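> Here's a structure for you.
Derivation of every value follows stated rules applied to the coordinates shown; laboratory data play no part. These numbers come from a predicted model, not from an experiment. Please note: Cβ atoms are built from the backbone with ideal geometry, for glycine as well, and neighbour counts cover all protein chains shown.
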Amino acid sequence: MSTLPRFLCDGMLGQLCRYLRAAGYDTLFDNNGDPDRDLLRQCQQQGRHFLTQDQLVREHKAARGVAFILPQAELDQLAALIGAHFQLDWISHAFSRCLVDNALLLEADNAALQRIPADARIAGEAYRVCPACDRVYWQGSHYKRMRAKLMKWQAARLG
């Protein structure tokens, strides 16, 4: 079994980062505006791919084999590019990570279940909780919209 690719998105790719997490990929996000050299070093140390739209990253020696420079494009186009390049499976590991902090989700305990609105609870549904931020996840309308987009990307990648 191959290991899943891991990513670090620069500050311009927040939405892409969120969808990579939704697809189950370990994806960090630089919202601090850290220098490219520091981000590239972090990627090398942690075995991550650096996703950026900053063309100047090419000038760093450390970018070779680490940085994947994306064009200015819509989210669907960016997803198609990285999906093809990294052979991403947008569905198999979907919704296993927190969209906010990237932690692996756990099955929700009774305390977490009490925070779900009564009208959103469905018998037999799998509820998840983030062990880092305590956010509770369920298959509401937000989940359905994100899943539809992931399914579309998966279908497009498989042709």
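> Show that you can apply the helix-only estimate: for the chain, add -39,500 (n - 2.57) for every DSSP H stretch of four or more residues, divide by all residues, and state [θ] at 222 nm to the nearest 500.
Working: 5 runs with 54 residues, N = 159.
Theoretical 222 nm ellipticity from helices: -10000 deg cm²/dmol.
> Can you figure out the FRET efficiency of D34 with Q114, using R₀ = 41 Å and their beta-carbon distance, to the nearest 0.05?
Values: r = 39 Å, r/R0 = 0.94.
Here the calculated transfer efficiency is 0.60.
> Straight-line reach from K149: which aspartates and glutamates have a Cα under 12 Å away, not including same-chain ones fewer than 8 places off?
D76
> Still on this model: For the range 27-84 and the range 88-159, what is the separation of their Cα centres, given in Å?
26
> Let me know the Rg and Dmax you get for the range 29-114 when you use only its Cα atoms, in Å.
16.1, 52
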